Amino acid sequence: MKNRTKRILLVALVLIACAVFSELIAPQPVLNKGVVIGMGVDKTETGAMEVTVQIAVAGESSAPGAPNRYAVVSGESSTLIGAMEQISRITAYKPAYFHCHVLILGEKLIEEGVREVVTQLFAEDSVMDDVAILAAKGTAKKTLERSVSVQGAAAIYLQQLNKINSTTGGHPTTTLKSFATEFETEGYTPFLPWVEAIPVPKAVGGADTGGDEQNYAFDCSKTVLFDEEGRGTVESEEVTVAIGLSGQAEGILLPVKTENGFMDVLVKKSLTWWHIEKSGRVALCPLYFVKVVATDLAESPAELKDEFVEEKVKQYVEKVVSDAFLHGKATGLDPFSVKGKYYKKYGTKNKPADCKLALKIKVKVGDA
């Protein structure tokens, strides 16, 4: 019995020693890597490529008033890969992108065309295929340098904002893989959320996150649509709503206006599908389950008749989706990728002379 107890104690001591030893040596590789949490790409005024990364700084305190826990480093070169290598020389170690969940493309790059850059990044092994992409007003570098009162790292703030938008009926999450693939798929119009920085007061008692003296929040309510060459055009908030209504719309809030007042209507669930005919007729057939959350048409939303709510929401959806579709036909930028859906079913050899959208919308008050 005593020998057995000694063996158990010996094993326990060995396990404890291994745990302590691993704690001593495990953090070292992390300290020797630049853990990138956000990445941005810009085209400079001279035509060079500028890559900016936001790196987590190991060992810094996150207490209120503590120094910034993130470093922003940029590299510039005539090529994208050259700019990324420049960052390695500046930081003295190769940046690690496995924790990078946000890729930001600057405004000048958006205007001149992103297709080549996106293709190169997709082929680059160090950058993860599932990184979410956003387009930013101004430069990606400046966006990553912004101070955020509720979260010191702009990249993490934008990562969370992108997740919220994608789960509340706004922009479906666009990844590097899906974005690059859509450029190679005939009939599809790639799109990205458009980010604009909005000055806000610093949080009372919050941390001074460094960077700009001014703190910022970010708005992602607009959409950028891209042509075949990768040149982007910023579209209105209505286009963003239309994209959400034509796909995943759970959680989206519709500001429905009537002759006598307004209703803020929450889409609680959406069952949406496309019906495509060889003639080119494309039918969007959604069923929305909605709830009125605010109104000035009655003392309480519960006082509004279901038939009234359903009809007004249907009219609102028809207008938003139809306007976006017609605007897309006029500009050649289709936010719904209607032709892509047609080609997916019938192949590119059967090209219709014209695609026409037919709406078959149903609205119900209540849960699904």
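Here are some notes:
- Number of the exception - Val293 against (1) exposed (fewer than 15 other Cβ atoms within 10 Å of the Cβ); (2) not in a strand (DSSP E or B): (2)
- Taken together, Glu310, Glu299, Glu250 contain a single residue that is within 20 Å of Cys220 (Cβ to Cβ) and not assigned by TED's automatic domain parsing to the domain that holds Val114, which is Glu250.
- Out of Leu271, Leu284, sole residue that is in a strand (DSSP E or B), touching a residue at least 60 places away in the same chain (Cβ under 8 Å), touching a helix residue (DSSP H, G or I) at 6+ places or on another chain (Cβ under 8 Å) and over 16 Å from Phe308 (Cα atoms): Leu284
- The residues on offer are Ala298, Ala249, and the sole one that is in a loop (DSSP other than H, G, I, E, B), over 30 Å from Gly347 (Cβ atoms) and small (Gly, Ala, Ser) is Ala298.
- Just one of the numbered conditions (1) closer than 16 Å to Thr52 by Cβ; (2) at pLDDT below 85; (3) among the small types (Gly, Ala, Ser) is not true of Gly170: (1).
- Put simply, of Ala242, Ala197 the only residue that is at pLDDT below 95 and under 26 Å from Lys314 (Cα atoms) is Ala242.
- Taking the conditions (1) surrounded by 14 or more Cβ atoms within 10 Å (Cβ to Cβ); (2) assigned to a helix (DSSP H, G or I); (3) over 18 Å from the mean Cα position of the chain (by Cα) in turn, Leu254 satisfies each one other than (2).
- For region 344-359, the set of residues classified as closer than 21 Å to Ala242 by Cβ and surrounded by 11 or more Cβ atoms within 10 Å (Cβ to Cβ) consists of Lys344, Cys355, Lys356, Leu357, Ala358, Leu359, listed by residue number.
- Candidates in region 297-352 are the residues that are within 17 Å of Glu228 (Cβ to Cβ) and polar (S, T, N, Q); of these, the one that is nearest to the chain's Cα centre (by Cα) is Ser337.
- Of the residues making up region 320-338, those that are within 12 Å of Trp274 (Cα to Cα) and either exposed (fewer than 15 other Cβ atoms within 10 Å of the Cβ) or not aliphatic (A, V, I, L, M) (or both) number 2.
- Test: Leu271 is more than 21 Å from the chain's Cα centre (by Cα), under 19 Å from Lys319 (Cβ atoms) and surrounded by fewer than 22 Cβ atoms within 10 Å (Cβ to Cβ): no
- Scanning region 302-319 for residues that are aliphatic (A, V, I, L, M), surrounded by fewer than 21 Cβ atoms within 10 Å (Cβ to Cβ) and in contact (Cβ under 8 Å) with a residue 24 or more places away in the chain yields a single hit, Leu304.
- Subset of region 53-83 that is modelled with pLDDT of 90 or more, polar (S, T, N, Q) and over 22 Å from Arg231 (Cβ atoms) - its residue that is surrounded by the most Cβ atoms within 10 Å (Cβ to Cβ): Gln54
The values are calculated or read from the model by the stated rules, or taken from the named source; none is laboratory data. What you are looking at is a predicted structure, and each value in this text was computed from that prediction instead of being measured. Here the Cβ is made from the backbone with ideal geometry for all residues, glycine too, and neighbour counts use every protein chain on show.
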